[in-house]
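The values are calculated or read from the model by the stated rules, or taken from the named source; none is laboratory data. These figures come from a predicted structure and were not determined experimentally. All Cβ positions, even for glycine, are placed from backbone atoms using ideal geometry, and neighbour counts span all protein chains on display.
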Amino acid sequence: MARKLIYNGVEQPSFIRLGKINNQTHPPISLITTEIPGRAGSYLHGSKYGDRVIQVALILVADSLSDLEKKRTELNLWLIHDEPKKLVLPESSDKYYLAKVSDLIEIEKLLNTGRGTVNFICTDPFAYGEEQVIQIAPDIPVVIENKGDETAYPVVQLDLTEDTTEFGIVSGDEFMYFGQPTPVGTVITPKRSLVIDEDCSSISDWTTGGTVDGGTVQGNFKSDGSKILVEKYDTTESQVGWHGPAIVKTLDSNQTAKDFVAEITLTFKPNDIKNVQRLELYLLDINGASIGKIALVDGWSSSNRTKVEARAGALGAGYYFVNTEVGTNYYSSFYGYLKVERKGKYWRFWIGKIASDGHYWGRWSTWYYDKYELYTKELARIQIHMGAHGKYQPRSQSYIHRIRVWKHHEQPNDDDISYVFEKGDQLKIDCSNGDIFKNGLPFFNELNPSSDFLSLNKGTNVIAVQPPIIENGTIAFRERWL
């Protein structure tokens, strides 16, 4: 069987024959030392691995000299990339390196064949196995076998099923601990409670909306089981101004909230630069009057642009503390979230993108201080609205995926114990990069300082969680070899 090299998931072209492959037995080791004047020798602080270099001799077989030139071009297209890619060597098909070609490939031509050597540089000198994903049970420690010859660093993901003031993950002598224990008899004061949790699987508990800013309520929303979208817009020639459906939802148990956070997860993508569209979340008081709004607005029929809006108060009497394009075209076509908070005299606004793994990135935020307390009416309802403008076609992908509203609670004392995690919170710990995310956002403030990021030593490892209040728990890792 012919030896095959796989790079970036693609086997070597059929016109290539492999020659000698020179893979270092061990990457170079650099000692980290400090020289002290007047002292013989130096202090040793440790060592580090250098780059691994893998040299591969290639033979190109062509029909003619002109065909050889074409083959050389095809070879470059296969090998040249901006970032390191997976490299699988013939002798170790169950492992891969992250490698990048360092130089242009010089081919020595002889008749209708060419010979050359490719240098693959691995700035990460380790070889990796494919990712393994192990399920975590809430009340049974999970046993993980690391068959590599180096320590592996896992990615832990899980959902919390109950409110808790403390949570820990233990692996041998290492642990990660969040929050603090609760003495017997202690009254726990939650910092906030969820008063709307709309997964957009249905609109049966929504009611028809009232007014929208500078437009007409027209048409209907629907749900396809996972998101809310507009059934159909009327974009006939007779249409003028903003028009589209609006629906309203009341806070659970008819509560009102003086201080609150409202977050909407959405898709806002066009299929043509001529598309005109807006998507808005209104904050309403007990009488249905607007006390604030957050929105995305594409009001241009000649370009793909998006204006971001955040307002405290009603249209006309309120104050827009965000009313701009945040970065040229940065949020013009994206899947992400808008969030607004009022706490005391402070209003805050966030916008960000959401990656396929749920990680929040590309965030931008700002705040407004309501010095004279002009915008203090309590929140009782929310209203969503999507609008087209006149005869212009709206964006092809304008969806609402989830809406959540929290009510902030006053903390009687600064030293009151609160929940570190609430039911439904998602926790992700990337022990290789030293990242912690709670619901997609960085989360380090509740981590105990004596905690260690977990590692999986060669051989058997046992990992457990406490208290056992999780679901959908996984540990993902890749075995490593030097």
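Yes/no matrix, rows are residues, columns are (1) more than 30 Å from N112 (Cβ to Cβ); (2) loosely packed, with under 10 Cβ neighbours inside 10 Å; (3) among the β-branched types (V, I, T):
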residue	(1), (2), (3)
Y7	no, no, no
P13	no, no, no
G19	no, no, no
P27	yes, no, no
S30	yes, no, no
T33	yes, no, yes
R39	yes, yes, no
A57	no, no, no
L60	no, no, no
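No other residue among A295, A310, A314 is in a loop (DSSP other than H, G, I, E, B), among the small types (G, A, S) and at pLDDT 95 or above apart from A314. Looking at the structure I just gave you, is K70 in a helix (DSSP H, G or I) and not assigned by TED's automatic domain parsing to the domain that holds G168? Taking the combined requirement at face value, the residue satisfies it. Selection of region 299-336 for residues being surrounded by 16 or more Cβ atoms within 10 Å (Cβ to Cβ) and in contact with a His (Cβ under 9 Å, 6 or more places away or on another chain) yields only Y335. Among residues of region 333-357 being small (G, A, S) and out of contact with any strand residue (DSSP E or B) (no Cβ under 7 Å at 6 or more places or on another chain), the one that is nearest to E410 (Cα to Cα) is G344.
Exactly one residue out of A99, A152 is of a type in the set (A, V, I, L, M) and within 25 Å of I475 (Cβ to Cβ): that is A152. Beta carbons closer than 9 Å, at least 6 apart along the sequence or on distinct chains, pair a first residue in region 435-464 that is closer than 19 Å to V142 by Cβ with a second that is in a loop (DSSP other than H, G, I, E, B) and among the aliphatic types (A, V, I, L, M) for N461/L454; I463/L454; A464/I140. Of all the criteria given as (1) at positive phi; (2) surrounded by 15 or more Cβ atoms within 10 Å (Cβ to Cβ), the one not satisfied by F477 is (1). When only residues in region 93-122 that are of a type in the set (D, E) and over 17 Å from L65 (Cα atoms) count, which is modelled with the highest pLDDT? Only one residue tops the list, namely D94.
Out of region 49-60, which residues are of a type in the set (V, I, T) and either part of a loop (DSSP other than H, G, I, E, B) or within 18 Å of P125 (Cα to Cα) (or both)?
Quick first cut of region 49-60, residues of a type in the set (V, I, T) only: 53-54, 56, 59.
Scanning region 49-60 gives V53, I54, V56.
Out of the residues in region 338-349 that are crowded, with 18+ Cβ neighbours inside 10 Å and free of Cβ contacts under 8 Å to residues at least 60 places away in the same chain, which is nearest to N439 (Cα to Cα)? So the residue we want is F349. When the criteria are applied in full, K48 fails the requirement of being charged (D, E, K, R), out of contact with any His (no Cβ under 7 Å at 6 or more places or on another chain) and surrounded by fewer than 10 Cβ atoms within 10 Å (Cβ to Cβ). Note on region 78-188: enclosed strands (runs of 3 or more DSSP E) holding 2 or more residues that are of a type in the set (K, R) and touching a residue at least 40 places away in the same chain (Cβ under 8 Å) are 85-88.
In the set G46, G41, which member is part of a loop (DSSP other than H, G, I, E, B) and out of contact with any helix residue (DSSP H, G or I) (no Cβ under 6 Å at 6 or more places or on another chain)?
Numbers: G46 fails: part of a loop (DSSP other than H, G, I, E, B).
Selected residue: G41, the only one of G46, G41 that is part of a loop (DSSP other than H, G, I, E, B) and out of contact with any helix residue (DSSP H, G or I) (no Cβ under 6 Å at 6 or more places or on another chain).
Would you point out the residue of region 397-418, among those that are closer than 18 Å to L160 by Cα and at pLDDT 90 or above, that is surrounded by the most Cβ atoms within 10 Å (Cβ to Cβ)?
We begin by selecting, within region 397-418, every residue closer than 18 Å to L160 by Cα; these are 404, 406, 418.
If we keep only those that are at pLDDT 90 or above as well, we get 404, 406.
Working: R404: 19, W406: 21.
Per the criteria, the residue is W406.
Taking region 360-375 as the region of interest, how many residues are outside any strand (DSSP E or B) and surrounded by 15 or more Cβ atoms within 10 Å (Cβ to Cβ)?
Filtering region 360-375 for residues outside any strand (DSSP E or B) gives 370-375.
With surrounded by 15 or more Cβ atoms within 10 Å (Cβ to Cβ) added as a condition, the list becomes 370, 375.
Summing the residues that are outside any strand (DSSP E or B) and surrounded by 15 or more Cβ atoms within 10 Å (Cβ to Cβ) in region 360-375 gives 2.
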